[in-house]
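Reading through the structure tokens given below for one structure.
The values are calculated or read from the model by the stated rules, or taken from the named source; none is laboratory data. Everything numeric in this text was worked out from a predicted model, so none of it was measured. Neighbour counts run over all protein chains shown; Cβ positions are idealised from the backbone, glycine included.
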Amino acid sequence: MMKNFKAWASVYSKGKFYADMGKWNKQIYLDNRCDSSCECCWTKYPIELLHFHHPVPADKVMKVDVTRWRGVKGPSQKSLDEANKCVVLCGPCHDLEHIAWKFNESILDDEETYLRYRDHRASEPKRGDYLDDGYKGPADEPDQALLSPL
């Protein structure tokens, strides 16, 4: 098996090979941990759109990115320990969590808070807020007498 592995690996450049190993190792970890889903909204995403979020910033030792997953033997134990401290979030939920932090809240623990932040911009905009089509009412309508043929 190792002989085939070396033949297969020689096809790739060294950088591409290790980058692919990082993606594969991360995919295996995420499949086992959360089925490649966001742990907040439980929507399944490609691994490139999933982020490792540290819920307690003081516990952060290192950033968990795809470079930490590289290696034929898999990620190091230090990388796995750091990933286990994290919550796996999709991009939108990760952004919402950081916005909630500004107000000393978290969307991870409270479904009501999550729904409030998620639905914040889903309501209809008030006329004139940022949607101005130039129509001011009946006064803007063209005069029918001017448009009718003679």
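For the range 96-105, the set of residues classified as out of contact with any helix residue (DSSP H, G or I) (no Cβ under 6 Å at 6 or more places or on another chain) and part of a loop (DSSP other than H, G, I, E, B) consists of Phe103, Asn104, listed by residue number.
The conditions are (1) surrounded by 11 or more Cβ atoms within 10 Å (Cβ to Cβ); (2) closer than 24 Å to Asp31 by Cα, and Lys63 fails exactly one of them. Which is it? Result: Lys63 fails condition (1) only. Looking across the range 31-59 at every residue that is charged (D, E, K, R) and under 12 Å from Val87 (Cα atoms), the one that is surrounded by the fewest Cβ atoms within 10 Å (Cβ to Cβ) is identified as Arg33.
Would you check if Ala58 is modelled with pLDDT of 75 or more and in a helix (DSSP H, G or I)? So Ala58 fits the description; yes.
Listed conditions (1) at pLDDT 80 or above; (2) not in a strand (DSSP E or B); (3) not β-branched (Val, Ile, Thr) are all met by Leu89, apart from (2).
On inspection, Val87 fails the criterion of being out of contact with any Leu (no Cβ under 9 Å at 6 or more places or on another chain), within 23 Å of Trp42 (Cβ to Cβ) and among the hydrophobic types (A, V, I, L, M, F, W, C). Note on the range 66-76: residues that are touching an Asp or Glu at 6+ places or on another chain (Cβ under 9 Å) and surrounded by fewer than 14 Cβ atoms within 10 Å (Cβ to Cβ) total 0.
So, in the range 106-121, how many residues would count as being of a type in the set (Val, Ile, Thr) and in a loop (DSSP other than H, G, I, E, B)?
Initially, the range 106-121 is screened for residues of a type in the set (Val, Ile, Thr), giving 107, 113.
Still in the running and in a loop (DSSP other than H, G, I, E, B): 107.
Qualifying residue count, the range 106-121: 1.
When the range 63-99 is filtered for residues that are touching a residue at least 24 places away in the same chain (Cβ under 8 Å) and of a type in the set (Val, Ile, Thr), the ones remaining, listed by number, are Val66, Thr67, Val72, Val87, Val88.
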